[in-house]
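Okay, so here's the structure we're looking at.
The values are calculated or read from the model by the stated rules, or taken from the named source; none is laboratory data. The model shown is predicted, which means the values in this text are computed figures rather than measured ones. Every residue, glycine among them, receives a Cβ derived from its backbone with ideal geometry; neighbour counts consider all protein chains shown.
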Amino acid sequence: MKHVVTFLLVLCAWSAQGQFEVGQTDWLLIDVSRNDREIPCVVWYPAQVDGVTPAEGGFPTFVMAHGFVMSPLDYEGLAAALVSEGYVFASLGTEQGFAPSHADYGLDLAFVADQVASGEIVGVLSASSNGRVAIGGHSMGGGAAWLAAAEQPAIDAVVVFAPAETNPSAIAAGEEITVPVLVVSGADDAVTPPTTQHEPIYASAVNAPCRAFVSIAGGGHCGFADPGTLCDFGELGFSGLSHAEQLALSLDVVLPWLARFVEDNPGGLAALEEACEVEPELELSLSCALDVAADAEAKLEWSVFPNPNQGSSVLRNASSAACWFTVWNSLGQSIQHEQQVLPGCEYAMQLDPGTYIIRVRNGKGDVQSARLLVF
């Protein structure tokens with residue numbers, strides 16, 4: 001089966017698929033507010049060609065919660081796909097037993113998200129985060145992501161796969177969620193049936209500014225995870241889509257959703273809708289406030305990261321139109337004049353140690369400035 005990744009035709013920011021190698025490390029985070037609770041994570045990250053050294057630049061993070069009696073290592077396919085697109089993928093390693101605490105699991109997810117957003121991660125990836133975070137989960141982890149989002153962590157979006165009701169209730173917590181949410185559902189899921197699990201969880205997020213429900217025809221419960229996990233034993237005899245097919249279809253909608261709400265790319269929702277029009281297996285329900293769903297008029301939205309840095313930085317244009325930037329050194333000299341950056345694209349800079357002023361303008365003449373420190 002051939003899947004057309006339509007958003008590549010829409011967004012410049014995704015034109016370099018597979019641009020990163022995949023590195024792997026581990027985190028052990030400590031939540032001192034809960035009796036020094038230990039929260040281990042398996043983490044995949046954008047790496048240089050050696051597969052070990054982190055790639056330069058700041059990246060958004062996706063924090064993932066596994067399903068019932070599953071492992072953080074059971075989502076390597078999803079992790080590799082997101083990492084190749086420039087995401088850090090952190091997979092939680094708590095609550096893997098047969099008597100999990102859903103409440104603790106949700107708090108674990110919220111804690112990791114807050115740690116990443118606030119720059120509290122140390123080690124090999126201490127400089128790899130740009131502070132933008134999405135959370136998500138599969139099955140039990142999907143329900144836990146609903147509980148986590150209701151805690152109001154510093155997140156930009158939620159993506160869940162075949163979410164399951166939890167105790168305490170994810171459905172009851174849904175009205176506390178105030179960030180965009182995406183539910184991806186396998187239409188033939190007999191483990192957590194869409195009508196009793198996925199759909200009520202989706203419907204509960206009444207205060208989310210934008211919510212989407214994508215049903216995958218022929219999709220099952222376990223196709224969001226790697227093949228050969230314990231999940232497959234609970235779905236013996238399933239004859240629908242393969243794991244590879246279901247993952248490919250999932251990425252067709254997850255990547256544009258994250259681009260819209262984690263990377264501020266205004267074409268993300270249009271790409272999501274186009275993917276669902278092209279792929280016959282995808283059925284989309286989308287409910288967004290008008291100011292979120294509509295492409296905004298050209299705004300001056302940009303960032304330079306990392307800041308400070310050791311000579312290499314990136315200027316990202318998150319606006320819906322081109323911008324032009326000039327770099328001034330501490331002597332008032334223009335060393336980079338009116339360089340154009342297209343919407344949704346980035347420009348890499350190499351600068352000597354010093355203090356610089358970055359001046360950015362859009363086509364309407366609006367101007368903003370920021371200081372950049374290179375050491």
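Looking at (1) surrounded by fewer than 21 Cβ atoms within 10 Å (Cβ to Cβ); (2) in contact with a Gly (Cβ under 6 Å, 6 or more places away or on another chain), which is the one condition that is false for Ser101?
The number of the failed condition is (2).
Which of the residues belonging to segment 64-80 are in contact with an Asp or Glu (Cβ under 7 Å, 6 or more places away or on another chain) and either in a strand (DSSP E or B) or not charged (D, E, K, R) (or both)?
Within segment 64-80, His66, Tyr75, Gly77 meet the criteria.
Could you grab me the full set of residues in segment 96-113 that are out of contact with any Ser or Thr (no Cβ under 6 Å at 6 or more places or on another chain), of a type outside the set (A, V, I, L, M, F, W, C) and within 16 Å of Met64 (Cβ to Cβ)?
Gln96, Pro100, Tyr105, Gly106
Looking at segment 229-244, can you tell me whether even one residue there is in contact with a helix residue (DSSP H, G or I) (Cβ under 6 Å, 6 or more places away or on another chain) and assigned by TED's automatic domain parsing to the domain that holds Ser139? Write out each step before concluding.
Of the residues in segment 229-244, the ones in contact with a helix residue (DSSP H, G or I) (Cβ under 6 Å, 6 or more places away or on another chain) are 229.
Next, only the ones that are assigned by TED's automatic domain parsing to the domain that holds Ser139 stay: 229.
Yes, segment 229-244 has at least one match.
Farther than 21 Å from Ser84 by Cα, surrounded by fewer than 20 Cβ atoms within 10 Å (Cβ to Cβ), at pLDDT 85 or above and outside the structural domain of Val181 (by TED's automatic domain parsing): is that true of Gln340 in this structure?
Working: farther than 21 Å from Ser84 by Cα: yes; surrounded by fewer than 20 Cβ atoms within 10 Å (Cβ to Cβ): yes; at pLDDT 85 or above: no; outside the structural domain of Val181 (by TED's automatic domain parsing): yes.
Criteria not met by Gln340.
Assess whether Ala203 counts as being small (Gly, Ala, Ser), buried (at least 22 other Cβ atoms within 10 Å of the Cβ) and outside any loop (DSSP other than H, G, I, E, B). It would help to see each step written out before you state the result.
Numbers: small (Gly, Ala, Ser): yes; buried (at least 22 other Cβ atoms within 10 Å of the Cβ): no; outside any loop (DSSP other than H, G, I, E, B): yes.
No, not satisfied.
What number goes with the only condition from (1) touching a residue at least 24 places away in the same chain (Cβ under 8 Å); (2) closer than 14 Å to Trp27 by Cβ that Ser126 does not pass?
(1)
I'd like the residue in segment 1-46 that is at pLDDT below 95 and small (Gly, Ala, Ser) and, out of all such residues, is surrounded by the most Cβ atoms within 10 Å (Cβ to Cβ).
Ala13
Among the numbered conditions (1) surrounded by 15 or more Cβ atoms within 10 Å (Cβ to Cβ); (2) within 20 Å of Ala127 (Cα to Cα), tell me where Phe375 comes up short.
Failing condition for Phe375: (1).
Val83: at pLDDT below 95 and in a helix (DSSP H, G or I), yes or no? Give the derivation first.
Details: at pLDDT below 95: no; in a helix (DSSP H, G or I): yes.
Considered against the rule, which asks whether it is at pLDDT below 95 and in a helix (DSSP H, G or I), Val83 comes out as no.
Listed residues Phe224, Phe238, Phe233; which is among the aromatic types (Phe, Trp, Tyr) and either at positive phi or crowded, with 24+ Cβ neighbours inside 10 Å (or both)? Step through it out loud before you land on a result.
Details: Phe238 fails: either at positive phi or crowded, with 24+ Cβ neighbours inside 10 Å (or both); Phe233 fails: either at positive phi or crowded, with 24+ Cβ neighbours inside 10 Å (or both).
Of Phe224, Phe238, Phe233, the one residue that is among the aromatic types (Phe, Trp, Tyr) and either at positive phi or crowded, with 24+ Cβ neighbours inside 10 Å (or both) is Phe224.
Find the residue count for segment 344-358, including only residues that are part of a loop (DSSP other than H, G, I, E, B) and under 14 Å from Phe305 (Cβ atoms). Quick ask: steps written out before the conclusion?
So in segment 344-358, the residues part of a loop (DSSP other than H, G, I, E, B) come out as 344-345, 351-353.
In the following step, the residues that additionally are under 14 Å from Phe305 (Cβ atoms) were identified as 351.
So the count comes out to 1.
Looking at Glu199 and the list (1) among the charged types (D, E, K, R); (2) within 21 Å of Pro280 (Cα to Cα); (3) in contact (Cβ under 8 Å) with a residue 40 or more places away in the chain, which single condition is not satisfied?
(3)
I'd like the residue in segment 156-176 that is part of a loop (DSSP other than H, G, I, E, B) and modelled with pLDDT of 95 or more and, out of all such residues, is nearest to Glu245 (Cα to Cα).
If we filter segment 156-176 for residues that are part of a loop (DSSP other than H, G, I, E, B), which is where we start, we get 156, 162-169.
Next cut, modelled with pLDDT of 95 or more only: 162-169.
Details: Ala162: 16, Pro163: 19, Ala164: 22, Glu165: 26, Thr166: 28, Asn167: 32, Pro168: 33, Ser169: 31 Å.
By that ranking, first place goes to Ala162.
If I filter segment 292-300 for residues that are farther than 22 Å from Arg132 by Cα and at pLDDT 90 or above, do I get at least one hit?
No, segment 292-300 contains no residue that is farther than 22 Å from Arg132 by Cα and at pLDDT 90 or above.
Does segment 246-267 contain at least one residue that is touching a Ser or Thr at 6+ places or on another chain (Cβ under 7 Å), more than 18 Å from Val83 (Cα to Cα), surrounded by 19 or more Cβ atoms within 10 Å (Cβ to Cβ) and not assigned by TED's automatic domain parsing to the domain that holds Gly344? Give the derivation first.
Taking segment 246-267 first, the residues touching a Ser or Thr at 6+ places or on another chain (Cβ under 7 Å) are 266.
Going one step further and asking which of them are more than 18 Å from Val83 (Cα to Cα), we end up with 266.
Cutting the leftovers down to surrounded by 19 or more Cβ atoms within 10 Å (Cβ to Cβ) gives us 266.
If we keep only those that are not assigned by TED's automatic domain parsing to the domain that holds Gly344 as well, we get 266.
Yes - at least one qualifying residue is present in segment 246-267.
Listed here are the residues, each with its yes/no results for (1) hydrophobic (A, V, I, L, M, F, W, C); (2) surrounded by 18 or more Cβ atoms within 10 Å (Cβ to Cβ); (3) in the same structural domain as Glu76 (by TED's automatic domain parsing).
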residue	(1), (2), (3)
Ser118	no, no, yes
Val133	yes, yes, yes
His138	no, yes, yes
Val160	yes, yes, yes
Pro163	no, yes, yes
Thr178	no, no, yes
Leu182	yes, yes, yes
Val191	yes, yes, yes
